[in-house]
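The block underneath contains the structure these notes are about, expressed in structure tokens.
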Amino acid sequence: MPLHVKAKSKWKSVTIDNESFQKGNLKDLLCCEELSSYEIISDNPVVKKKSNDTTIRSNSMKATSPSEESKLKKKKKRKKKKPKPAESPNTSDEKTDDVNEKVIIKENNKKKTVQKIKEIKQDQSKSVKQTKSNKKQKSGGKIVQHGVIEDIAKSDAPEEEQDNDKTKQFSKKKKKRGKRGKRKNNQAVKDEPVSKKQKVNDVSKETEESKDEEKETKADMSEWMNLYVPEPVLKSLGEEGFTTPTPIQTQILPSAIRDRMDVIGAAATGSGKTLAFGIPLIHNILAYKEKIKQQLESRTNGTDISDSSDNEESDIEDSDNHSESDQDIVQNEENSETNNDSDEDENDEETENSSDNGEEDQDMDYENAKPIELSSFGLDVTDLDTGIGSDESDEEFDRPPSDDDDFSDEEATTGCVRAVNNVKFPWLDEEPTAPTKAVKRYQNGPLLGLILTPTRELAIQVKNHLETAAKYTDIKVAVIVGGMASQKQERILKRCPEIVVATPGRLWELIEQGEPHLATIKQLPNLIIDEADRMVEKGHFEEMEKILELANENEDVRKSRQTFVFSATLTLIHSGPLRVMKKQKKAIKMDKASKLEELVRRLGVKDKHKVVDLSPSVGTVDTLTEAKIPCTTEDKDVYLYYILAHYPGRTLVFANSKDCVRRLTSILTLLKCNPLPLHADMQQRQRLKNLDRFTSNAKGLLLATDVAARGLDIPNVEHVIHYQVPRTSENYVHRSGRTARANKEGLSVMLIGPEDNRYYRKIINTLNKDEDLPMFPIEIAYMNTMKARVQLARRIDKQEHGAKKKHVQNDWFLKAAEEMEIDVDDNLLHDMGSSSEQAHSKQELTYMRLELSNMLKQPLSQRNFSGKYPTKSGKLVVPYLEVASTKTAVTTVQEAKKTKQDSVTLPSKRKKKNKFKNKQK
Ligand SMILES: Nc1ncnc2c1ncn2[C@@H]1O[C@H](COP(=O)(O)OP(=O)(O)OP(=O)(O)O)[C@@H](O)[C@H]1O
């Protein structure tokens, strides 16, 4: 079959040294030219296939006569015919010589391709640059031949083409298949002719994959090795970059996993307590599941389960206890109702009737809205257009609750994706002939771990944390908290998650309703109480006590259960004022031991338990810088504004009441500080939305009550400001612990008004702070302008909020009267003033807003400015003073502290020097 070369670039002359001519080797040669880009064209339509624009170096002879051309072709043919025809698997007697030739060419090509791959693989270890230069150095002729043959081979065989396509598809799939697939694919690459480009691509893909694998294996996890961490958890820890266990994790894991002891853990905020209880929990569940699986297998094989389980080691004792419990579960569940409604419409909007207790976890009000993404909290909740930070944000606080307001569907991404039929657990009674059914049932097992937390946000966070740690297992984690429709949570529970993270109120509500999965709480093998000191506070969580009562009902179950009790302030002791102690001679001083004893008793912890107390003696971590600003109550707003304006890092401001948060939100919004409120009276989705916004903004400002004080792990919070001093030392520790987490620096500042003084003293005493906290340095130059702004903002807020409050109350009263069909005496309603008075008030507000807006455009300080120098344009240029400090707040406080220390020590040094001089005299 005639083949033609179609030039795609210009022929370039090639110089040949004279010696070659003299030897007579090139007597027929007229000229020598080189073609770097070309296309092979065959008369056969099937062979008409383009070569790639492979830029190659070639030595070509341009024949000037037909005889010379034919000679050249013959030469080429002879070269190509070298391989034995027998080597070709496709050779057939019926085929033409041309076809034979092509097959031979293909075989030849295959060999070269394989050789090439080997070469390229070897070259992988060298730099890319080197590889390129190596290729250039190779003989041009060889590469030409390779290129030609490759193209012919490709075009020649449609079947082959298909195979190649398959190979490509396969190579796409291989990524998913992992190692095994990759090995197979490599084989495929060897067997098939592949283009050079494809080869290089494949090899580079392979290298990328092996790099990924390396990354995975590269993380040195040796420090976790003696801590009995399950393999899949190690893998996810490695991925998270957690190569070193924190001290609390190192201390707790062996006792919890190897010795299966109950653990009471106290360690500083941000020290990794969640994983300290999370890893043992995951371990226990994996061990339990493995045991059940083995039992199932032995059942299906006709072996007696009890025999095999009796002979097991290590975990056996515990597992046996579990199986004992399981028997109970079976009995228990047999009596319970079977649910088969996993196909329910997931888009229902339901009314929520949370019964959660405590200031931190109250019922939410609801309203309709669009779904939004809450990345950091892993939730999809419905959106609100209230625009926090906007002038309308006040409405949010005053609006009466609406019935159809709720979390959107599946907002709490529980990670429970399996459809579940029922919560029955009768795998032990299953016929050995039905292994698949039994395995399915086994997957829908009882509740294996319950984690109780005081707030919804913390519960969601813990759930996310555990899901990450357990991502290479089949363990399902669900969150059950108030503020979500209980029907949806019931659906989540039907999927039988092994772990439930919950706030006590909603959990108890569902238990009371007889939710079948939660009914297995009576056989609960793992219980964790996070922030335990808060959870057991008197009258705080009534439901908590009821849950514990139920879980501890069966003494055998309680004894076989593993219980974890954690908090940063578990061992914090309040000494109390000495004069009171002296007066009440009989008063017993609460010490660590008695505090823990009380916890053990109330939570049903086993008598033999391990206490790990790594909490710092001063309550807070070393990396936390603390400071104070003593001031009048009135000036607190100004100082707060000052800190925010000077140090615009991510800041969390705590106030003692929801009303204070509301007021500050309004004022700081007017001052364009973009605050985000967070308190228990807000709708749950708005709470999460604000947390998410705060987390994603490096200069975010969150104004919160103590609902955000415990456990929240928001990355890189730079400052915590206590607008009001917390009433307990525990709250001070937890609030301050939102910054300076995981060995990072952070600042905690207390604004101390006259009403805060005694609480401040108490905190300093309880936390054994050996000295008064340093003053937070303030530059007086800015204060007057700041004060004027703040005062105006306060006036606006007062007028606006006052009118709004009256309006809402009147509306509510009128509505109630209408429902009761009674007339309302006008005297009972708030006087909103005449219409002209109302119009006047509105106008006044507009002026004030305008004035504030102008004020905010002015510089904060006009020092260095005499006001005498008009510019070319005739306007005065007010020098703009950069208000944001170039130093961090932490550095500012630390430097001020050092200067103060120096100034204290200096006079005494001077005195000494003087004494020395006097003596000399
Ligand atoms: N071994 C580890 N290596 C690195 N980071 C870790 C490790 N363990 C936990 N962390 C990270 O440290 C941070 C704090 O952990 P965690 O929230 O568990 O602290 P905590 O002790 O429970 O704090 P708090 O008392 O405030 O609740 C988290 O971001 C967590 O992912």
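The values are calculated or read from the model by the stated rules, or taken from the named source; none is laboratory data. This structure is a prediction, so every number in the text was calculated from the model and none was measured. Glycine gets a Cβ as well: all are built from the backbone with ideal geometry, and neighbour counts include every protein chain shown. In case anyone asks, the SASA skips ligands and DNA or RNA and just uses the protein heavy atoms, side chains included. Shrake-Rupley method; radii C 1.70, N 1.55, O 1.52, S 1.80 Å.
Can you tally the net charge around residue 605? Count Lys and Arg as +1, Asp and Glu as -1, for every other residue whose Cβ sits under 12 Å from the Cβ of residue 605. Spelling it out: positives minus negatives among the neighbours equals +4. Of the solvent-accessible surface of the range 629-773, computed with a 1.4 Å probe over protein heavy atoms with every protein chain present, carbon and sulfur atoms account for 45 percent.
Add +1 for every Lys or Arg and -1 for every Asp or Glu among the other residues with Cβ under 13 Å from the Cβ of residue 263, and state the total.
+3
Grab the Cα-Cα distance for residue 222 and residue 244, subtract it from 0.36 nm times how many residues apart they are, and report the gain in nm with one decimal.
Contour length minus the Cα-Cα distance gives 7.1 nm.
Treating r as the C-beta distance of residue 791 and residue 258 and R0 as 51 Å, the FRET efficiency rounds to 0.20.
Each label was represented as a point 7 Å from its Cα along the Cα-to-Cβ direction; for residue 827 and residue 843 these points are 3.3 nm apart.
Per residue, how large is the accessible surface of the range 651-738? Use a 1.4 angstrom probe and give square angstrom.
Per residue, the range 651-738 has an accessible area of 23 Å².
Within the assembled protein chains, the solvent-accessible surface assigned to residue 609 is about 50 Å², based on a 1.4 Å probe.
In this structure, residue 632 and residue 549 have a Cβ-Cβ separation that, at R0 = 60 Å, corresponds to a calculated FRET efficiency of about 0.75. As a length-normalised measure over Cα pairs under 8 Å and 6 or more apart, the relative contact order of the range 636-736 settles at 39 percent. Annotation: residue 899 carries an accessible surface of approximately 90 Å², with a 1.4 Å probe and no ligand, DNA or RNA atoms counted. Ordering 12, 522 by accessible surface, largest first, gives 12, 522; the 1.4 Å probe counts only protein heavy atoms, with every chain in place. Note on exposure: 533, 902, 607 ranked by accessible area (1.4 Å probe, complete protein assembly) read 607, 902, 533, with the most exposed listed first.
The simple spin-label model puts a point 7 Å past each Cα toward its Cβ; for residue 290 and residue 819 those points are separated by 5.8 nm. For the range 742-851, the relative contact order works out to 23 percent when only alpha carbon pairs closer than 8 Å and six or more residues apart are counted.
Within the accessible area of the range 439-527, the carbon and sulfur atoms contribute 45%, probe 1.4 Å, all protein chains present. The label-point distance for residue 902 and residue 727, in a model that sets each label 7 Å from Cα toward Cβ, rounds to 4.4 nm.
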